[in-house]
């Protein structure tokens, strides 16, 4: 039996954490039950979270809490197979797969639906990804033959590009499907077997090439983010030796592999925080001959150089979102979805020594 999903929008409180201090747990849930598999997005007003819920109000929920207080919630659907979330300014788009269709609904700043849910595509899938570009949304999902499909919607929800395949077919099952936007182009990244692949799609929906670029033949879970110019794809190496990344250019070419970490790190999530790439991941380490699990958040320059790092006790596979110097990491501890927030400072420029 499929576990239902719940979506709650929570406006972030005005108090700020110290520079790259993850601060205290902030629970997002307003209902009772078991919550799992959260997704996060950050708007100028707050944190949007989507998660699976099995409890008193099981189903796909939309809701929110303003800074002044007062909570609302709306049941959108029951037991969808997958969900995704994208944010465009103060609005968001919730997307879910239900039976043989992909449904979406616009949400306002409180998480209240704007209009009725609408069918974005007729497809059956258990993987969904979405991102917002220049006044439009792209929704991506795997096809039946190992290819990736996409549909592009306007901000109002009208179809700008009907559903169509944007990659060639493959024999591998697609997992870790993610989309990032630089405003004009969008990068779709995914894992197929041990290969991590990427393709760049224009804002009009046309791929640079239907044959995706292989980032590595030795990958695991993957993600992709953008600094507003190019893209940054990150993945866990399949031999548990750490995380790697590559810069993906808007023309679809990629840079050299950048080794980010060298420990047993997994399940990376990446986001651009305004001045660096933040990467959250699960780390297995040893302390006094005892294995411990940590949630680690590190910030990297586009060349793979680490800027700073922080960690906290592992409570669940981490998810990440960031915007304008604010980094939010979230996870499920079983009874609630919890986030922690850090204020990320710009990297300090290095000064050259001068003779006097």
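Has region 267-283 got at least one residue that is without any contact (Cβ under 8 Å) to a residue 24 or more places away in the chain and in a strand (DSSP E or B)? No, region 267-283 has no match at all. If you go through region 270-289 and keep only what is farther than 14 Å from residue 342 by Cα and crowded, with 24+ Cβ neighbours inside 10 Å, you end up with 270, 281.
Residue 302 satisfies every condition listed in (1) at pLDDT 90 or above; (2) surrounded by fewer than 23 Cβ atoms within 10 Å (Cβ to Cβ); (3) under 23 Å from residue 43 (Cα atoms) except (3). Summed over region 195-240, residues that are out of contact with any strand residue (DSSP E or B) (no Cβ under 8 Å at 6 or more places or on another chain) and closer than 19 Å to residue 258 by Cβ total 2.
On the stretch given as region 134-156, residues that are more than 19 Å from residue 212 (Cβ to Cβ) and in contact (Cβ under 8 Å) with a residue 60 or more places away in the chain total 4. Among strands (runs of 3 or more DSSP E) entirely within region 206-251, having at least 1 residues that are within 18 Å of the chain's Cα centre (by Cα) and more than 19 Å from residue 140 (Cα to Cα) singles out 219-226, 231-237, 243-248.
Does residue 197 qualify as being at pLDDT below 95 and in a strand (DSSP E or B)? For residue 197, the condition - at pLDDT below 95 and in a strand (DSSP E or B) - is not met.
Of all residues in region 252-265, at least one satisfies being touching a strand residue (DSSP E or B) at 6+ places or on another chain (Cβ under 8 Å), in a loop (DSSP other than H, G, I, E, B), closer than 26 Å to residue 208 by Cβ and without any contact (Cβ under 8 Å) to a residue 24 or more places away in the chain. Surrounded by 21 or more Cβ atoms within 10 Å (Cβ to Cβ), in a strand (DSSP E or B) and modelled with pLDDT under 95, is that true of residue 321? It is true that residue 321 is surrounded by 21 or more Cβ atoms within 10 Å (Cβ to Cβ), in a strand (DSSP E or B) and modelled with pLDDT under 95.
The values are calculated or read from the model by the stated rules, or taken from the named source; none is laboratory data. Just so it is clear, the structure is predicted and the values come from calculations on it, not from any experiment. Cβ coordinates were reconstructed from backbone atoms using ideal geometry, including for glycine residues, and neighbour counts include every protein chain displayed.
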